[in-house]
Amino acid sequence: MKRFLAAFIAFTLLFSAVACNRETEETKKRRRSRSDETEDHDETKTTETKKPDPGPTVPIYDPSDVEVVRQFDDYYPNNFSIPWAEANHIEFTNSDVNTYFAQIITSSYSDQQISGAKILNNVGTVCQPTVNITESVVDGYLDYEITYSEFIPLSAQLPDSVSSYGTVYSYHNIGFIDYYTGAILPRVDFSVDVDSSYVYGNVIWKGETYNVSFYEFRESETLKNETYIDADGNVVWDITNEIKTTILLTVPKEYDGIIMYVCTANDSDTLFEELDDFHTADFIDSYIFGEEGELVEDHAFFNIFDLGKGKLYQ
């Protein structure tokens, strides 16, 4: 079952006992940024060695700064008599939604899981996206600028027997579906070392060729990071991360069929199994929602056109 997942090392926390006191030192594992041009990231470059022409430049970013660029093959949407969203009775939400994540406590030296830790929370929140629809710099096209935050409140009870701790977690990223055909838009699954991507290609519909592009950028802010002793004398580590994502979809003016979706099912066990893959940024090609086992009832859906049309047509 394909999903849009991302996992990354969050923090390393060191404990050293001095008499009866615990001293803590916090270090954050630095992820690759746009200015880290001298760092060697060969182990994570699993997509391409040479970037293709990224197509038209959009106004809010420089394609040369994007970490992963992929061109999808010409896509021919299936004909339909009833739009996919209507045939599947999709109900759209206008509020924040809860989603699940998986976390493990690791050694800060080896990234190997440490036994004896107890995870105290696995529920995060995806906030309703903000959508701004504007005229594109490309004639006949619109830019959908979509921003949203996902809050990940990590909490774990730590064993006393180990002196060094880190953490890795995996969470559901959002995806996009075509309202009319149910096709999932191609995109890149981020990894610990990849936080930006640009995917583009041609969609051929009724003999006409349309250029479609998808830019995505992620950044993370730590709102809370503290340890304390609970009433039973256990060491508890709480971290709250806000993951901020900016997406720019450039599509033909006549097109209004963008649906954003997020998994709301409790599949933390499956997410846990994929935590060892957090160094791989995978390209997810288009397929029809449900072909990989997705169930409508396990997801929440946002109608992106409805959320943003007021700013364009007011």
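The values are calculated or read from the model by the stated rules, or taken from the named source; none is laboratory data. Note that the structure is predicted; figures quoted are calculated from it, not measured. A quick note on method: Cβ atoms are made from the backbone with ideal geometry, for glycine too, and the neighbour counts reach across all protein chains shown. Each accessible area value is taken on the protein alone, full model and side chains, heavy atoms only, with ligands, DNA and RNA left out. Shrake-Rupley method; radii C 1.70, N 1.55, O 1.52, S 1.80 Å.
The residues of the stretch 94-112 that are loosely packed, with under 14 Cβ neighbours inside 10 Å and either touching a Ser or Thr at 6+ places or on another chain (Cβ under 8 Å) or under 22 Å from Y179 (Cβ atoms) (or both), listed by number, are N94, S95, N98, Y109, Q112.
Tell me which strands (runs of 3 or more DSSP E) are completely within the stretch 121-187 and hold 2 or more residues being in contact with a His (Cβ under 7 Å, 6 or more places away or on another chain), farther than 26 Å from S286 by Cβ and modelled with pLDDT of 90 or more, or say none if there are none.
Numbers: elements: 123-126, 130-135, 141-158, 164-172, 175-178.
In the stretch 121-187, there are no strands (runs of 3 or more DSSP E) which contain 2 or more residues that are in contact with a His (Cβ under 7 Å, 6 or more places away or on another chain), farther than 26 Å from S286 by Cβ and modelled with pLDDT of 90 or more.
Just to be sure, is I105 in contact (Cβ under 8 Å) with a residue 12 or more places away in the chain and either touching a Pro at 6+ places or on another chain (Cβ under 9 Å) or within 17 Å of L249 (Cα to Cα) (or both)?
Values: in contact (Cβ under 8 Å) with a residue 12 or more places away in the chain: yes; either touching a Pro at 6+ places or on another chain (Cβ under 9 Å) or within 17 Å of L249 (Cα to Cα) (or both): yes.
Here the answer is yes, as I105 does meet what is asked.
The residue pairs whose first member lies in the stretch 239-253 and is under 19 Å from H172 (Cα atoms) and in a strand (DSSP E or B), whose second member is basic (K, R) and open to solvent by 10 Å² or more (accessible area, probe 1.4 Å), and whose beta carbons are closer than 9 Å, counting only pairs six or more residues apart or on different chains, are I239/K224; T240/K224; N241/K224.
Could you list, in sequence order, the residues of the stretch 111-120 that are modelled with pLDDT under 90 and over 25 Å from the mean Cα position of the chain (by Cα)?
Kept after step one, since they are modelled with pLDDT under 90, are these residues of the stretch 111-120: 111-116.
Answer for the stretch 111-120, where residues must be modelled with pLDDT under 90 and over 25 Å from the mean Cα position of the chain (by Cα): I114, S115, G116.
With respect to (1) open to solvent by less than 50 Å² (accessible area, probe 1.4 Å); (2) modelled with pLDDT of 90 or more, the lone exception for V66 is condition (2). Scanning the stretch 165-224 for residues that are open to solvent by 20 Å² or more (accessible area, probe 1.4 Å) and aromatic (F, W, Y) yields Y179, Y180, Y200, W205, Y210, F217.
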